[in-house]
Amino acid sequence: MPLIPSAPLPVASLLARVRACTLCAEHLPLGPRPVLQLDPAARILIAAQAPGRKVHQTGIPFNDASGDRLRAWLGITRAQFYDPRLFAIVPVGLCYPGRGVSGDLPPRPECARRWRAPLLQPLTQLQLTLVIGRYALSYHLPQERTGLTAAVQNWRQHGPDTVVLPHSSPSNNRWLGRNKWFEQEFIPSLRTRVAQALRGIY
Ligand code: SF4
């Protein structure tokens with residue numbers, strides 16, 4: 001008998017299951033606390049990496065210096081950023097993974113395998129996906145094998161619905177200092193694409 005695929009869960013049920021997840025709890029120094037924002041009406045997906053420690057403590061995505069810089073790059077307010085009808089915020093690792101020798105550890109690999117497809121499935125109104133950082137790049141654009149900087153520089157080649165960004169963390173200040181073109185040329189184009197994706201709803 002052919003397998004019948006199970007129907008997608010309603011978003012509220014899906015989020016309840018995600019928030020109860022303990023799949024990789026043994027690897028999480030502060031325990032599970034998935035941090036995301038999801039509404040099927042969202043126009044822009046922020047495909048991020050994993051919450052940092054401060055975000056874990058507040059449970060609010062990008063409620064830190066990285067978020068302040070990201071909102072400035074996008075040319076939007078906090079109110080717009082936290083409106084789930086505008087932005088879905090779904091990192092490839094939903095819980096804080098802990099700290100390594102040179103910064104936060106990578107997102108837990110179990111997480112994307114378990115949750116990414118069901119969490120992205122309801123997002124049928126997306127106009128734009130912002131792929132932030134190398135772990136999100138590996139998931140969303142696995143064909144990009146030239147590294148993050150080249151993937152950002154190739155922004156004209158990813159089509160109208162995908163933009164690759166470096167992480168907006170202060171730890172990337174040296175990268176920003178070496179790549180002046182990013183804020184001089186890339187950011188104005190990015191703001192235009194964000195405004196186009198949100199046109200008519202704010
Ligand atoms: S990181 Fe993902 S897989 Fe691990 S406990 Fe959190 S939600 Fe579950």
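The values are calculated or read from the model by the stated rules, or taken from the named source; none is laboratory data. This one's a predicted model, so the numbers in the text were calculated from it and none came from an experiment. In this analysis, Cβ positions are derived from the backbone assuming ideal geometry, glycine residues included, and neighbour counts consider all displayed protein chains. Just the protein is used for accessible areas: all its heavy atoms, side chains included, with ligands, DNA and RNA removed. Shrake-Rupley method; radii C 1.70, N 1.55, O 1.52, S 1.80 Å.
When THR77, THR129 are screened for being polar (S, T, N, Q), more than 16 Å from the ligand (Cβ to nearest atom) and either open to solvent by less than 10 Å² (accessible area, probe 1.4 Å) or free of Cβ contacts under 8 Å to residues at least 12 places away in the same chain (or both), only THR77 passes. Within the range 83-104, the set of residues being in a loop (DSSP other than H, G, I, E, B), of a type in the set (A, V, I, L, M) and within 16 Å of the chain's Cα centre (by Cα) comprises LEU86, VAL90, VAL92, LEU94.
The single condition among (1) of a type in the set (D, E, K, R); (2) within 16 Å of the ligand (Cβ to nearest atom); (3) open to solvent by 10 Å² or more (accessible area, probe 1.4 Å) that ARG116 does not meet is (3).
Cβ-Cβ distances below 9 Å connect the following pairs, each with a first residue in the range 144-169 that is free of Cβ contacts under 8 Å to residues at least 24 places away in the same chain, a second residue that is open to solvent by 50 Å² or more (accessible area, probe 1.4 Å) and in a loop (DSSP other than H, G, I, E, B), and a separation of six or more residues or different chains: ASN154/THR146.
Among the residues of the range 139-147, some residue qualifies, meaning at least one is assigned to a helix (DSSP H, G or I) and surrounded by 14 or more Cβ atoms within 10 Å (Cβ to Cβ). Note on the range 54-63: residues that are in contact with a Gly (Cβ under 9 Å, 6 or more places away or on another chain) and open to solvent by 30 Å² or more (accessible area, probe 1.4 Å) total 1.
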